[in-house]
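See below for the structure under consideration.
The values are calculated or read from the model by the stated rules, or taken from the named source; none is laboratory data. This structure is a prediction, so every number in the text was calculated from the model and none was measured. So basically every Cβ, Gly included, is an ideal-geometry build from the backbone, and we count neighbours across all protein chains shown. Ligands, DNA and RNA are excluded from the accessible area calculation, which covers all protein heavy atoms including side chains. Shrake-Rupley method; radii C 1.70, N 1.55, O 1.52, S 1.80 Å.
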Amino acid sequence: MENTVDFHPTAGRPMSDSEAAAEARRIIETEFRTEQPVRQFETSFRDDTPLPRYGDTPPVKQDDRRIVPAWAAGIAVASIGVGAGVTGIGCGAWLVLQGLASVTLAGVLMVTLPFAGIAMVATVIGGVISKARSSVTKTVYEGPVTQHTEIHNNSSTRGMFFARTRNDIHR
């Protein structure tokens, strides 16, 4: 039989030295038992099979010890890719909006001034070319000019609900 002391201290009464030593021994023995051996895991592996003198080394079978199923790993990689893509889009949008937030009237005028100058020069060149291509004619009429216009209009409508109107104009 083990030499243990059933000790339940009462409130307000300190332990004696022998009682404290016995309680400490009991706690150590119950908490640090070595009934089950500690399982050792391999931390390294050495393959001593001889290598061929020339050519490729033959493949060595390696145990598959994956913890996560393949579909879960695929989803994890896809979610990381989607997250990185969305982060890139967000950064691009932030840069665009920062640029738009810093727009001033002077900045807009400085950016559009070259385009306005090019448009003005193109308009002037187009006007000059148009003026050069148009011929200058001056028609002088001598004598009386008379114009006689006679229009005859015949109109006839037939039908009640789906009416059809016919107009004949003679000049």
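Between ARG166 and VAL86, full extension at 0.36 nm per residue minus the direct alpha carbon distance yields a gain of 22.0 nm. Once you reduce region 21-99 and region 135-171 to the center of their Cα atoms, the two points are 95 Å from each other.
Convex hull volume of the C-alpha atoms in the chain, normalised per residue: 1018 Å³. Largest GNM mean-square fluctuation across ARG33, ARG133, ARG66, computed for the chain with C-alpha springs under 10 Å, falls on ARG33.
Across region 45-87, the convex hull enclosing all Cα atoms gives 155 Å³ per residue. Accessible surface calculations at 1.4 Å, restricted to protein heavy atoms, place region 51-107 at 93 Å² per residue. Backbone geometry of region 75-84 corresponds, through the Karplus equation with coefficients 6.51, -1.76 and 1.60 at θ = phi - 60°, to 3J(HN,Hα) couplings of 5, 5, 5, 5, 5, 5, x, 5, x, 5 Hz, x marking Gly and Pro.
Using a cutoff of 8 angstrom between alpha carbon atoms and counting only pairs six or more residues apart, the relative contact order for the chain works out to 8 percent. Atom-type composition of the exposed protein surface of region 15-133 places 66 percent of the accessible area on carbon and sulfur (1.4 angstrom probe).
When the chymotrypsin sites (Phe, Trp or Tyr not before Pro) in region 40-94 are filtered for DSSP coil states and for at most 16 other beta-carbon atoms within 10 Å of their beta-carbon, the remaining sites are PHE41, PHE45, TYR54. Comparing ASP64, ASP47, ASP17 in a Gaussian network model of the chain, where Cα atoms under 10 Å apart are tied by springs, the biggest mean-square fluctuation is seen for ASP17.
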